[in-house]
Amino acid sequence: MSGRRSQAGVTLVELVITIVIIGVALAGVLGGYSLVVGRSANTLFQTRTTAVGQAYLDEILVRRFAQQTGAGGSPRYDGPCEVNPSGGDRENYKVVDDYDVIDDEPPALISGDFESGYDGYRVSVDVTCAGSEVGVGEDAKRIDVSVSPPQGPDMVFTAYKGNF
């Protein structure tokens, strides 16, 4: 029998290399995790921004094309396309033109939605004659609802109101 003992354990070099490899791997995992966590609120803001934009469009699109348009769109308005907001109380808005003056912070609807949890959001509405954009002469208005969340980019929602 020889007098050699078998070695058990690791050398200092092996230990240092293992620690460096684990440190690099941990830094990569934590770096990726911090990116995901940093952007996790964006989904909430995007969802709420979309809900606000859709709610405003829902409220606006049920209004008439012009003051002279009858209830339900009949009789149809035969004059030139104009945007003439009448102002006044929002509860009295009857045509899409009236919404051209909207600049709300925080968002507010006639129905009372968005009473809380939407601080920091801003909504503005722009109504323009845009029939030529969709090939119907002067028989359409474009409604752009711009929603600015507290964080992230603004989102613009667009719909057309036809004269029919």
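Since every read-out is calculated from the coordinates, none of them should be taken as a lab result. Being a predicted model, the structure only gives us computed values, none of them experimental. FYI the Cβ positions are ideal-geometry reconstructions off the backbone, even for glycines, and counts take in every protein chain you see.
Take the Cα radius of gyration of the chain and divide it by 2.2 N^0.38 Å, with N its residue count; two decimals is plenty.
Ratio of Rg to 2.2 N^0.38 Å for the chain: 1.95.
Using a Gaussian network model of the chain whose springs link C-alpha atoms within less than 10 Å, name the residue from LEU15, LEU30, LEU109 with the highest mean-square fluctuation.
LEU15
Sorted by average packing, counted as other Cβ atoms within 10 angstrom per residue and highest first, what order do 45-57, 17-29 take?
Packing proxy ranking, top to bottom: 45-57, 17-29.
Using 0.36 nm times the number of residues separating SER116 and SER6, minus their current alpha carbon distance, what extension gain do you get?
32.4 nm
Which FRET efficiency value, to the nearest 0.05, is calculated for GLU138 and ALA71 with the Förster distance at 22 angstrom and r the Cβ-Cβ distance?
For GLU138 and ALA71, the calculated efficiency is 0.55.
So, with +1 on the Cβ of K and R and -1 on the Cβ of D and E, and no other charges, what is the size of the charge dipole of the stretch 1-157 about its Cα centre, to the nearest 20 debye?
1400
Any chance you could run the full-extension gain for THR158 through ASP89? It's 0.36 nm times the residue separation minus the Cα-Cα distance, nm to one decimal.
Length gained between THR158 and ASP89: 22.5 nm.
Calculated from DSSP H runs of 4 or more alone, at -39500 (n - 2.57) each and per residue, what is the 222 nm mean residue ellipticity of the chain, nearest 500?
The per-residue figure over the chain is -11500 deg cm²/dmol.
Go through GLN151, ALA51, VAL13 and say which Cα lies farthest out towards the positive end of the charge dipole of the chain; charges sit on Cβ, +1 for Lys and Arg, -1 for Asp and Glu.
VAL13
Give me, ordered by chain and number, the residues 5 or more places off ASP139 or on other chains with an amide H under 5 Å from its own placed amide H.
Close amide H contacts, sequence-distant or interchain: GLY131.
Assuming a viscosity of 1.306 mPa s and a temperature of 10 °C, what translational diffusion coefficient in µm² per second does Stokes-Einstein assign to the stretch 1-83, Rh being the Kirkwood radius over Cα pairs?
The Stokes-Einstein estimate is 78 µm²/s.
Along the positive direction of the dipole of the chain (beta-carbon charges: Lys, Arg +1; Asp, Glu -1; about the Cα centre), which of VAL24, ILE102, ILE60 reaches farthest?
So the residue we want is VAL24.
Given Cα pairs under 8 Å that are at least 6 residues apart, what percent is the relative contact order of the stretch 35-162?
24
Rounded to the nearest 0.05, what FRET efficiency is calculated for VAL20 and THR43 with R0 set to 35 Å and r the Cβ-Cβ distance?
Approximately 0.45, to the nearest 0.05.
To the nearest 10 degrees, how steep is helix 12-61 against the longest Cα principal axis of the chain, on a 0 to 90 scale?
Once rounded, one gets 10 degrees.
Which of the peptides 118-130, 68-80 is most tightly packed, and how do the rest follow, going by the mean number of other Cβ atoms within 10 Å of each residue?
118-130, 68-80
Can you tell me the Rg and Dmax of the stretch 18-64, counting just the alpha carbons, in angstroms?
21.1, 72
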